[in-house]
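Novice: Below you will find the structure I want to go over with you.
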Amino acid sequence: MPKLLIVDDENDVREFAANFFRKRKMDCLTAASGEEALTITEKENPDLVLLDIKMDGIDGIETLKRMREKNSTLKVIMVTGRKPDDQEAFNKCKDYGATDYIHKPLELDELEKIVMAQLK
């Protein structure tokens with residue numbers, strides 16, 4: 001069973017995505033912050049991380065950077081509220097090894113397609 005970590009500071013977004021993937025027979029972990037995500041990643045070693053860019057505390061870009069320093073093969077999909085008109089953030093995510101990018105509001109079909117493609 002694939003293990004997915006969903007990181008978002010919005011509780012409803014986290015639970016919405018977690019419930020969706022639990023119905024698809026995935027082991028879903030959630031984190032409300034970058035700090036929490038780093039702790040869970042070290043302990044649980046997920047197969048894939050859905051990581052929100054905009055969070056209080058350590059933002060998603062810094063969290064991604066620290067995750068990749070500890071585990072260079074970890075697959076991370078960045079979640080953003082904006083289209084990639086924020087080219088600088090998009091480029092940083094790519095530089096730090098983000099495997100894909102998805103926008104809010106989360107479209108479940110698109111989300112499922114991207115997640116399943118990464119887990120194959």
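Novice: Between GLU35 and ASP109, what's the calculated FRET efficiency when r is the beta-carbon distance and R0 is 41 Å? Round to 0.05.
Specialist: For GLU35 and ASP109, the calculated efficiency is 0.85.
Novice: Which value, in debye to the nearest 20, gives the size of the charge dipole of the chain about its Cα centre, when Lys and Arg are +1 and Asp and Glu are -1 at the Cβ?
Specialist: Dipole about the Cα centre, nearest 20: 560 debye.
Novice: Also, I was wondering about something else. With Cβ to Cβ distances under 10 Å as the rule, what net charge do the other residues near PHE16 carry (K, R +1; D, E -1)? It would help to have the intermediate numbers written out before the result.
Specialist: Numbers: positive: ARG14; negative: ASP8, GLU10, ASP12, GLU15.
Local charge sum for PHE16: -3.
Novice: Report the relative contact order of the chain, percent, no decimals, based on alpha-carbon pairs under 8 angstrom and at least 6 residues apart. It would help to have the intermediate numbers written out before the result.
Specialist: Values: 189 pairs, mean separation 26.6, N = 120.
The value is 22 percent.
Novice: Of LYS23/LYS94; LYS23/LYS70; LYS23/LYS92; LYS3/LYS113; LYS3/LYS92, which sit over 28 Å apart, Cα to Cα? Don't skip to the answer; put the middle values down first.
Specialist: Values: LYS23/LYS94 30 Å; LYS23/LYS70 30 Å; LYS23/LYS92 33 Å; LYS3/LYS113 16 Å; LYS3/LYS92 25 Å.
Too far apart for the 28 Å limit: LYS23/LYS94; LYS23/LYS70; LYS23/LYS92.
Novice: Read phi for every residue in region 98-115 and hand back ³J(HN,Hα) as whole Hz from Karplus 6.51 cos²θ - 1.76 cosθ + 1.60, θ = phi - 60°, with x for Gly and Pro.
Specialist: 4, 8, 6, 9, 9, 10, 8, x, 5, 8, 4, 4, 5, 4, 4, 4, 5, 5
Novice: May I pose another question? What number, rounded to the nearest 500 deg cm²/dmol, is the helix-based mean residue ellipticity at 222 nm of the chain, given -39500 (n - 2.57) per DSSP H run of at least four residues and division by all its residues?
Specialist: -14000 deg cm²/dmol
Since every read-out is calculated from the coordinates, none of them should be taken as a lab result. Being a predicted model, the structure only gives us computed values, none of them experimental. FYI the Cβ positions are ideal-geometry reconstructions off the backbone, even for glycines, and counts take in every protein chain you see.
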